[in-house]
Each structure stands twice: as C-alpha cells, then as structure tokens.
Amino acid sequence: MNMPWTLDPDRLFDPNPGRRSVARRLYSEVEGLPILGPHGHVPPALLADPDATLGTPAELFIIPDHYVFRMLYSQGVPMEELGVPTVDGTPGEEDHRRVWQRFCENFHLFRATPTGLWLSDELINLFGTTEKPTGENAQRIYDHLQERLASPEYTPRSLFAAFDVEVLCTTDAATDTLEHHAALRAEGWGGKVLPTFRPDAVTDLSTAGWRHNIDLLSRTSGIDVVDYRSFLEALQERRSFFEEMGALATDHSATTPHTERLSGSEVEGIFSRALSGRADIEDAARFTAHLLLEMATMSAEDGLVMQLHAGSLRNHNTAVRRRFGLDVGADIPIAADWTRGLRTLLEERGNDPRFRLIVFGLDESAYSRELAPLAGHYPALLLGAPWWFFDSPLGMRRYLDAVMETAGLYNTAGFNDDTRAFASIPSRHDVWRRTTCDWLAGMVVTGVVDEEDAGDMAREFAYGLAKRAYGLQ
Amino acid sequence: MNMPWTLDPDRLFDPNPGRRSVARRLYSEVEGLPILGPHGHVPPALLADPDATLGTPAELFIIPDHYVFRMLYSQGVPMEELGVPTVDGTPGEEDHRRVWQRFCENFHLFRATPTGLWLSDELINLFGTTEKPTGENAQRIYDHLQERLASPEYTPRSLFAAFDVEVLCTTDAATDTLEHHAALRAEGWGGKVLPTFRPDAVTDLSTAGWRHNIDLLSRTSGIDVVDYRSFLEALQERRSFFEEMGALATDHSATTPHTERLSGSEVEGIFSRALSGRADIEDAARFTAHLLLEMATMSAEDGLVMQLHAGSLRNHNTAVRRRFGLDVGADIPIAADWTRGLRTLLEERGNDPRFRLIVFGLDESAYSRELAPLAGHYPALLLGAPWWFFDSPLGMRRYLDAVMETAGLYNTAGFNDDTRAFASIPSRHDVWRRTTCDWLAGMVVTGVVDEEDAGDMAREFAYGLAKRAYGLQ
Amino acid sequence: MNMPWTLDPDRLFDPNPGRRSVARRLYSEVEGLPILGPHGHVPPALLADPDATLGTPAELFIIPDHYVFRMLYSQGVPMEELGVPTVDGTPGEEDHRRVWQRFCENFHLFRATPTGLWLSDELINLFGTTEKPTGENAQRIYDHLQERLASPEYTPRSLFAAFDVEVLCTTDAATDTLEHHAALRAEGWGGKVLPTFRPDAVTDLSTAGWRHNIDLLSRTSGIDVVDYRSFLEALQERRSFFEEMGALATDHSATTPHTERLSGSEVEGIFSRALSGRADIEDAARFTAHLLLEMATMSAEDGLVMQLHAGSLRNHNTAVRRRFGLDVGADIPIAADWTRGLRTLLEERGNDPRFRLIVFGLDESAYSRELAPLAGHYPALLLGAPWWFFDSPLGMRRYLDAVMETAGLYNTAGFNDDTRAFASIPSRHDVWRRTTCDWLAGMVVTGVVDEEDAGDMAREFAYGLAKRAYGLQ
C-alpha cells in the first residue's frame, strides 16, 4: 500500500447516484454548522487551564477511552499493559510508546466499528497521519503525533475554536464546586462551556462512598444533611448554584427507568437507614425510583431540563471493577420497560408545560415500541440521540428508521457526543450529520419528503433540535 | 415554491433502476385491484345513511383522528384547541376554520411520518389540493376542500364506489343492534359492508360501565345474564346474530396475549364478583385470559375467524383520559410474550382445522422471535398485518424482513387499514401495495425469487391473502 | 416457462453496480475456500458406513427435515402424509413418491424463505434439476433425482470430498460410545469428522428417560452414578473420552441462559431427588443453571470449547410432541436475558484465558443490547453465528448490522451450518459467504472499510474465525 491513508469524502452516503447527490447537497448545508455539545464528559479543566494539553498519543487515544481499551481487552490484551490506571495498586505499563505499539498492532480490531471510524478521522483529518496504524509503523506515527501535539494549534483551547464549538456542556457532580467553570466564566468562556448537574453520587444509595458524598454535600451546600428533608434542601441549593453558574440541565443515570412515589415515611425511613449504613439494594432501587420524581418536580420549578440515561447494568465484571474501578467497558445493557417505568413520572409531569425530560436508552427494541410512542404523545418528553453502543452509523440508521415515523422529528433532541475524548467531538458529530443527511436523501428519492423539507430537517438534526431541546440561546 | 404540490408517482420504490423497474411492473399489476377491508373502524352509519357527508375539513382530517391530533398535542398544542371533544365538559374550539389553521401551521410535524404521507395523498390525489399546507394558505385550502366536500362525488357512498372497495368490515360492540348494517342489507349492500363481533366491552371486566353493558347484553340477546353460564349463552346468541348479519370474524383486544384456563368455580366466582362490583384488576386480567379460550372454542364451532390485537397499555395518561376519554393517542405499547401467552390457546385449538386465529402485535421484537415461528408451525394461526404505529413504510419493511423468511408468505393475512378515517383507505392500501411490490422487487434483483413468483406474491399481498384469511367470497 | 430453472449467479448481492462489483470480487476470493463445519447434526454413520446413501428424494429433502415439513404442516398438510415417523404408532405415508408429490405441489410455500433457497440450490446446482417443482412435474423430478442418487458421485463420502469439507463436527450424546467415530478414525478420517460432547440428555433432569440415561452413563463411563459427585466424575470421564476421540468442543442447550451457583447441599439434594424420580420442573431449571458453571469449569481445565444454545421453548405443541416426538418444528423462541443470565458464569470464567464460550441465541433484540456488548468485553466470550430461523439472508444481515459495530468482527465465531441435512451444507455456507461479502461491499462503498481490509474480513467470515474459535488445526 503505497497510497496515503485517506477517508472517502463521500463516506456514509448510499452508493445510489441519485441518493448520493441529494445526500451531498444536504450535507454541504450542515457540514459547517457550529457544534452544539449539550451532553458530554469533557473535563472542564481541559479548557479552564490555558496550559492544558492533550498529552501523549496514548493519553489522547487509549488510556482514558473505554471504547478503545475494552475492545483490546476482549481480545486478550491485559488492561494493565494498556496503561489503564488501577485502583488496587497493580502496576501497569508506564511507557506510552509501548501502549501505543499494542494499540497499533491491534488496529484491525476496530474494522467496521464506530471507534475505528472516529480514530481514522482524527488520525487522518485532524492529525495528518498518512499511514494506517500497524505494528511496523507504530513508532513512526507516534513521533508524528507527538510533534503535532506539541504545537500550539493542538491545545484544547485552539481546537475548541478550530472545531467551531458553540456550546459544550460538561457533566459535574452535585458536590462539585465548579471552580473550573468559575475560572472559565471569569475569562469570558461562560456561554461556551456550561456545567450540568449530575447528582447520582448522592442520589444512588448504592454508590461506593455514598456516606462520604453526603458529608461533601453538606459542606458544599451549607445545609447539614441529617434527614431526607435536609437532603432535598441541599439538592435544591446545589441546583440553584449550578443554574447561577450557567447550567441548563440535569442528568440522571439509572439501571432501569422505573419511577414510583413512596410515602413520606417510607422514603424518610430508607434515607435514614442509608445514613446509618443499613440501606440494602432494594432500598437503593426504590429510592432512585422516587427521587427521579423529586428531580422532575424541581425541574418543573427551576426550569433545568432533565436528562435520564437508563438501561445499563454497570460493573458486570467484578474482577475488572476491583482492579480498575468504574467506567472501564464492563457496563452491559438490559431490556427496559419505559412504558410502565416512566408512567408515574409522566402522569405527574408529562403534561406540564414548564417541564422537559430527555431520555436515552440502550434497548433498541424499545425505540419503536415505547420511546417513540411516548415522545409522540407527551408534550414534556423528547427522545435523545442514539446512545453509547448505538452512537454509530448503523445504530443511527436503526434509530432513525424506528423512531421518526412515530415520534416525528420534532419530538427528538438532536445529537450529543457524550464523550470524554475531546479531540473526537467533530468526528462524532460528522458521523451524525452524514448519516442523517443520507437518511433524508433516502426519504427524498423515495418520494416521502421533498428536498426543501429535507433541507430544513437536516439543519434541525445538525443544530436546531439540540438548540431548542436544551434551551440554548 | 411555485411548482404545484405533488407526490412522486414512484414513491416508496427503491431508487436502484433495476429494482425500481421491477417494482413498477409488479405495482402496475396490483394497483388497480379492488380493496378488501377485513378490519377497520369506519362507522357503518357513514354508509347506511345516504345523506351522510364527510363533514368539514377539520371533521374529516383532524377532530376524530388520534394519529393526527396526538402529534400536535405532543408539540404543545392543547387538544381543546383542536376541537377534540371532551368528556368532562371542558369547552373546546368550535370554529373548524381555526382548528384547520392550527393544523396547517403545524403541517411540518408530519414530515416523514405515515400520517403525513396519507394526508398528502388524500389532499393531492383525492381532493386536488395544489399547495402544501402552511399557516399562510390554510384558509384557501379550507375553501377548496369545502367546495369539494359539498359536491356529490365526495359523499361516502360515491367514494366507496370510486375507491373500488369490494368488502369493508366494521367493528361493532357485542350489544350493537346492527341497525345500520340491517339498513345496508336492505339496500343490497349486505355483501359489501359487514359487521365484526367485538365483545371487549362485556368481556373486559375493567371496562368503565361494564355492569351497564351487561344489562344491555341481556336486553339485546334476550338472555338474562345472571351468572357466567348465562353470560356465555348471551355471547353465543350475539355471535349467531352477527353471523346472520354477515359477520365473518370476531375481534378481541387485550393488554397482553396471555391465555389461561380457569376452573369452573374460579371463573364463576370472578364473574359473580364482577356482577356485584367487587372484581379487581387481577380478576379482570384472569378473566380475559380465560375468555379468549372460550371465544376460540366458539370460533371453532361457529366458524367466525378470531382476531386478537394485543400489546397496548391503554390510557397511559390519566389526565388526558379524564378530559378526553378513550382512544385519544395515549395508548402505549409494551413488550409481549406471545410464545408463553398463546400457548394454552394454541394447545387447545392450534391444530383444529375448523379454527382460524389472526394475531396483531405492537412489539416488533416478537415478529421474528415468536410470531413468525408460531405462524410457521400452527395450522390455525395467521399473522396479521403490521399494526397501528407500524402501518407505515418502514414499519412494513421491518415486518416483511422479520416475518417472511420464517413464517412464509402464506401464513400471513394480507393487509387491513384498521382506520376510522374512511377517506384515507385507498392511501393506506396504496402504501402497502407499493411497499410490498418494492420489497418483492428487492427479492427479484437479489435472485431470491423470480419475477413470475413475485407477481403471484404481489397479488397475494394486495388481495389474495386477506380474501382467504377471512373467508371472503 | 420454457427457460430452464436457474439461480442467479449474483444472488444475494445488492443491485447497486459499484457494490455488486466489490461483492463479486470479495466472493471470488472466498467461494472456493474449504468448508469448516464446527457445529452440526449430520449422523456420523452417514460417513462411517462406506455403503451409506442419501436415500430417496423424500428421505433426502423432506422426512428428516423439520425446516421443510413444519412449513407444509403450518398450511394444513398432515405430517403423517409427509412420512414423518410417529412415536405413538400412528401409521404414516410410506410411499415416498406420494410424499414427494405433496411437497412439489406446495413448493410455492417456500418462496422467499431460506429453506427455499437451499432447496433450489441443491436441486439446481447439486442435482441438475431443470424445472421448478410443481404438482405436474413432481414425478419426473423424482425420477431424475433417483437416478442421480444411485450414482457413485452422490454417496455421502463422494459428496464430502466434492464439497471440500475440511472438518465436520457432529453432535453426540454424553453416553454415546462413538463407534462410528472410531470407525472413521480407523479409516484415517479422524481429523475430518470429529465428535462434540452434548450432555443435555443427562444434565437436563426434565428429559424424558433421564433415569435410564443415567444408567447408560454409568455403563459407558464405568463410574457408578449414585450421587452428584459420581455424576460429575462420570461426566469428566466422558469428556476425556470424547477428547481422546478428537472432540474440540462441548454443546449445551438451555431454555434460558440463566446460570447460578447452588450450594453443595442444594445441588446434591436436587440430584438425589432426581435419582428417585422426585425432581420437579423448578429443580431441573436450577440444576441446569448450576451445571453450566460446572461445565465451564471443566472446559477451563480440559480445554474443550463450550457452546451454549439458548432461547427456545421446546415442544410448544403437546399434541405434535405426543405423536411425533422431539425436534419436529414446534420449538418456539422466547425473550432472553443474557446480561443477567450469564453473569455468574462470566464472573467465574469470563476473564480466564484457558476458557472459551461461544453463545447462540434466538432473541435478535439481544444482539445489540446484550450479546455484542458482552462479546466486546469478556475475553472468553465469542458470539456464534445467527442460529436456526436466522440462518437466512435477512437474518444474517440483521446479525451483521446489529453485532459488528459493537462486538467487532474478531469477537464472533464465523459460521456453522447446524444441519442434519448433509447435502445442504454447501448451500448454507454459500448463503453466508455471499451475504457477508455483500455486507462488506456495502461497508466498502460507504467508505467504512477499505477493500484490502474487506478482503481480510471476508476470509475471516468464511474460514478464519471458525478455525480459531474452535481451535481447528
């Protein structure tokens, strides 16, 4: 292979010439729109610290990215050898060139995966790499990347501008002091980087360190959390603080979307057991089901958009969790019952014009069966973008096919990249923009929508839906 | 946009030239076949009364059609403002021009939805509308439609002939006196409009007004329903009456497809509790599960084809039900277990050559997993058309893809429009005919079936399957 | 139709010219690769006995193949009239020409089904039939087939060579003496036809004749099975024997993929109840859940690859089971919970480099939700080919679309034909090879993989994945 490594400029467009030319026209209208990132996991320090860098190639592409290292792990590469930090003190590979070598030797594992597509786009179009990674060329590519990463155009702040990110929302613990956000606001980045209120570490009683987190909550809120009532007050205080700091939304994670209102004495009893370390797994599940209702009530009152991500059984692999902690690629989806699960919440708030809920699921069979019908009825409910494993070309197609006919475009919330991998943000949005344009082109050439409407819809997918869903200015 | 608003004559055909030309050829053979409507909700009075009209444009397209107004409601348009009748006395919009205005202002919400496609087809091809609805042209279109609706070609009876409807089956309560059907028979329409026996209002113990319905059943059947035994006798009497009036089928709705045989004393106990107003939700579920077996037994004896529609959790939104009643767009599907649910029924009747059951579901994941394997084994079972949310171009494609390889064409029951919206009947059948022809064209160009077989199959999809499934002459 | 009956040489390739030409190029590279059959149900006697034949056309295509006769049964053809052997003494059709006649009269039932495609490929390309079967030509085709079947090129051993089968694994009861395999080894076929250890008849306590099977196990193992401990010893002995006879793998069937470790006293209690005929259905389910863990432990120790086929509710139709026994087309899939079901097994063995588990399911909604994420994380887990109803062109496409982006190619196990129908083996592999090549061609023309990578991947799909997954030399 002497040809330089490239990506097809027409990638993700159907090969039918008529459809492809419509897709190209639609894409040319949205390709350059600014990026809205209403949900994601970029550390705010990366942008708050003007001296922050993206690190080594291994730190950029492998070590913090469970999409990448879980695939290598599944094929027998120990995570220790990939430099993934351990929580049990096991030593890991510290030589980032060796980590990079292992990755390049196994680059074929990413064939036909979305991760492979993002990595290729970043390496080729962001970093100017001209060779597909192999064991042979690994160190040569490492040298090339190191050189680029050392240059001023590759600092996070330079890239933020180059990527044309209009707004980037981070995800922050309820107990976070938001000091990085304060620093960003002080520098005039307040409208560009916004915090999101994610209280799971204090609302999920089964969280490791929950009792400690409650102490932290008391400290940061200034409200002594001694019972359920003071707990709610402290949460309310934190929400107000987040709103002052620019937050537009909250985010909640739950194994299932079950919601249920407990009686005052039940919920107080559970909380009090939790405070004294006696809450069990059943208590935790019921508390989550109840607290989602409290969060919805607060959202109706304070106007923060509520996001719910449900359907993953976290930490499926205990040995891996013990050695490497959370969020290391061992979270596995389960079937979800949104229709019955969300019913109490929607009965309480689904018709409330002050309230907005955006939901994200991992059970694709619920798209057409439950999520699209719910979003196509309840005024308060929007369906979020295809999430996690389904943030992929084929995942997006299945989402569009299953959702749009029933929910309609306008009951969905556009795209978010949901990533920690800052440098991958444009690649992820590009896959969404290409895929939605091609899907719309399919609608045009089969006479379901005309090209004028398709143009409007393409702009909605790329920009408008997210802007309105999150109330971005 | 100065070009008149049109629909692509090749709509829903794949753009590949080879496939498209096969699709066109197949479609040209079935496009003009008569329409069979073996299941639907057209009020028989619409055809029995020679003076009946389709009403105003709002009455025709919006007010009675929950497919339409639920989409507007989901985007914050109050149903009162759409003229949807309330059951709690709340006043609603009475000016149909204003209702129409709201609809046209929001016509973009139907982009890429099946409702949008039917509406467009009706407006363009049935009513000769030349402009896509907008807030600006809404009243102009209203004037145009009013004029057409006032002309004699747009009476229901004229349209029935123009649509070339061979048979239209309505859906009628067990307690219905079928006077409209009697009138139709007296006028010689007996073979064209047929009743269907739908006993849910007396077999579902949780129906609002159930006790009253039982009194009505006593009255119409002439059998005093005082216990379970007389209840069955009354049902049998009504079935006989429906058969005399031309009925070919029964129809049953259930939240789940669960069937279970209760002991004589159990079922008598439940029925007696229900008569005295003491049956609970669990009683109602068990009674439904048992009564489906009784209905299957009666079908095996009297030859009425049994239809079962299962999988919707009705009235999900209590506030909406209180204000607007039933069937207003707030019924949401749930996961279904057909394999275990139907087992008792199929053990009892699945091999009985006198019995036929046609099932309809809303959990697409069950198509390939349960419904196609069941239909592909049991002689008595046929799989009905994609239902409700899935009566759509992409819904049909998923159905064909998931079902046909396992069930085979001949274990399915063709198409039915399942609609109250009389004027939309040809549009709905046309989507099915186009989609099945295009799907078959895909099979031809990939060498899976030859074009001769595909022609036979296209005629089966459009006409033959439904004719045989329901025993239409 | 005067043209001879043929199959399109480009069948299963997308009609887009660019995609089709890539598909052709990829297919030309894998079409001729040897066949690996790592899982199937061909009786070893067919190859061990040099005088074995394929029998009459009815014996070859209809009588033993539930894929075929269940479709005829579903359309009202009694299985007795198809010569399917009964277990209750009911006499059946003995004239194979009449069986063949019924089949040919109903050949249209197989339109667009995978069975129809295999049958067509066999009839046309293996047997040189030039007419599509009908009632009219049935006996003429019978004559033609009889003539071919009598010729020496159509003996199983000749076909084995002609098919270029490199390895064929059979499925054998734990109590099997493997005499046919011994005969094959004695003749030098040892590397070509290998046994697989399938212990269901002794591990599933609900098996009819289980107690008798345990006696057989005692006899064949030489270990007197008197309690749970001696049961495990006997199983271990049999596994060793199978390994000596060339086995590479075990195979296990379960209604659900549930695994659970019972305490020593629990499992001993269940086994002892079973020995005395007092185990109930719940005991059987828990025993299976536990025994899968024991089998995984033994696999980690002896290196036999473990296969698990789960998700079918066997013998759904009691009347059919009573008359015809097991495996007659009345097994219906159910929804499966792999994430929670396999958790205990994967916690115990999922990270064990000595262990390999290959899973096969029948709930397609679990592909993207559970199976691909699990296979994309656990080093020990591979996802098997689309199974049974999904061993079909569209089933394979759904599998590839749903699995590959998340699991990656290399966490899957290639193809196996899973068939009793020896003569259909090349047709089944050919459908897989064509479908994977076309799927890859779709990836190439949309710029997701380059053609060089696609070539590697096509060879993996056709040959490499299965070879490595099962440790074939």
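The values are calculated or read from the model by the stated rules, or taken from the named source; none is laboratory data. Just so we're clear, the structure is a prediction, and the values are computed from it rather than from any experiment. Cβ: placed from backbone, ideal geometry, glycine included. Neighbour counts: every protein chain shown. Ligands, DNA and RNA are stripped out before the accessible areas are found, and what is left, the full protein with its side chains, is counted by its heavy atoms. Shrake-Rupley method; radii C 1.70, N 1.55, O 1.52, S 1.80 Å.
Annotations
- The residues of the range A:401-440 listed by number as losing at least 30 Å² of accessible area in the complex, against the isolated chain and with a 1.4 Å probe, are A:D401, A:E405, A:T406, A:Y410, A:N411.
- The charge dipole of chain A, taken about its Cα centre with unit charges on the Cβ of Lys, Arg, Asp and Glu (plus for the first two, minus for the last two), comes to roughly 520 debye.
- Ranking A:A112, A:S151, A:T90 by Cα position along the charge dipole of the range A:54-151, where only Lys, Arg, Asp and Glu carry charges on their C-beta atoms, puts A:A112 farthest toward the positive end.
- Prolate/oblate/rounded label for the range B:136-217 (Cα gyration tensor, a/c 1.5): oblate
- Options A:M295, A:A319, A:H258, ranked by Cα towards positive dipole end of the range A:253-340, top entry (Cβ charges): A:A319
- Amide H within-cut-off set for A:T412, under 5 Å, with H built and near neighbours excluded: A:L383
- Axis between B and C by rotation; chain B residue with nearest Cβ and distance in whole Å recorded as B:S365, 2.
- For the residues of A:391-397, the average number of beta carbons from a partner chain within 10 Å of their own beta carbon is 4.
- Mean sequence separation of contacting Cα pairs (under 8 Å, at least six apart), scaled by the length of chain A, corresponds to a relative contact order of 20 percent.
- Accessible surface buried once B binds A (1.4 Å probe; total of both sides; Å²): 3700
- Rolling a 1.4 Å probe across the protein heavy atoms gives the range A:54-151 an accessible surface of 37 Å² per residue.
- For the range B:327-338, Karplus couplings with θ = phi - 60° (6.51, -1.76, 1.60), whole Hz, Gly/Pro x: 6, 10, x, 10, 9, 10, x, 9, 5, 10, 10, 6
- Of the chymotrypsin sites (Phe, Trp or Tyr not before Pro) in the range C:1-87, not one is in a loop by DSSP (not H, G, I, E or B) with at most 12 other beta carbons within 10 Å.
- Modelled spin labels at A:S265 and B:E237, positioned 7 Å past Cα toward Cβ, are 5.3 nm from each other.
- Full-extension gain in nm, B:E452 to B:T134, via 0.36 nm per residue minus C-alpha separation: 110.0 nm
- Each copy carries a label point for B:V87 at 7 Å from Cα along the beta-carbon vector; from one copy to the others these points are 5.2, 5.2 nm apart, nearest first.
- Sparsely packed trypsin sites (Lys or Arg not before Pro) within the range C:321-414, loop by DSSP, other Cβ within 10 Å at most 12: C:R354
- For A:D352, the solvent-accessible surface with a 1.4 Å probe is about 20 Å², rounded to the nearest 10.
- Over chain B, dividing the summed -39,500 (n - 2.57) contributions of all DSSP H runs of at least 4 residues by the number of residues returns a 222 nm mean residue ellipticity of -13500 deg cm²/dmol.
- By the rule of a C-alpha distance below 13 Å, with chain neighbours fewer than 8 residues away ignored, the aspartates and glutamates paired with B:K132 are A:D450, A:E452, A:D453, B:E105, B:D121, B:E122.
- In the range C:318-355, burial by the other protein chains removes 20 Å² or more of 1.4 Å probe accessible surface, compared with the chain on its own, from C:T318, C:I332, C:P333, C:I334, C:A335, C:T339, C:R340, C:R343, C:E347, C:N351.
- Full extension of the chain segment joining A:S276 with A:R219 gains 18.7 nm, where the gain is 0.36 nm per residue of separation less the Cα-Cα distance.
- Projected label distance in nm at A:A52 and B:A182, using a 7 Å step from Cα toward the beta-carbon: 8.0
- Averaging the sequence gap over all C-alpha pairs within less than 8 Å and six or more residues apart, then dividing by the number of residues, gives the range B:307-370 a relative contact order of 46 percent.
- Burial of 40 Å² or greater, the range A:79-118 residues [accessible area, probe 1.4 Å, versus chain by itself]: A:R111, A:A112
- With every protein chain in place, chain B: carbon and sulfur % of accessible area (1.4 Å): 50
- Inter-copy separations for B:G32, label at 7 Å along Cα-Cβ, nm, ascending: 5.3, 5.3
- Relative to one another, the C-alpha centroids of the range C:431-454 and the range A:181-195 are positioned 46 Å apart.
- Only Lys, Arg (+1) and Asp, Glu (-1) charged, at Cβ; the protein assembly as shown dipole about Cα centre in debye: 240
- Computed accessible area, B:V77, all protein chains, 1.4 angstrom probe, square angstrom: 10
- Label 7 Å beyond Cα on the Cβ vector: A:Q139 copy-to-copy distances, nm: 8.1, 8.1
- Reach of B:K467 by Cα under 23 Å, taken over lysines that are not fewer than 8 positions away in the same chain: B:K192
- Cα gyration tensor shape of the protein assembly as shown, rounded if a/c is under 1.5, else prolate or oblate by comparing a/b with b/c: rounded
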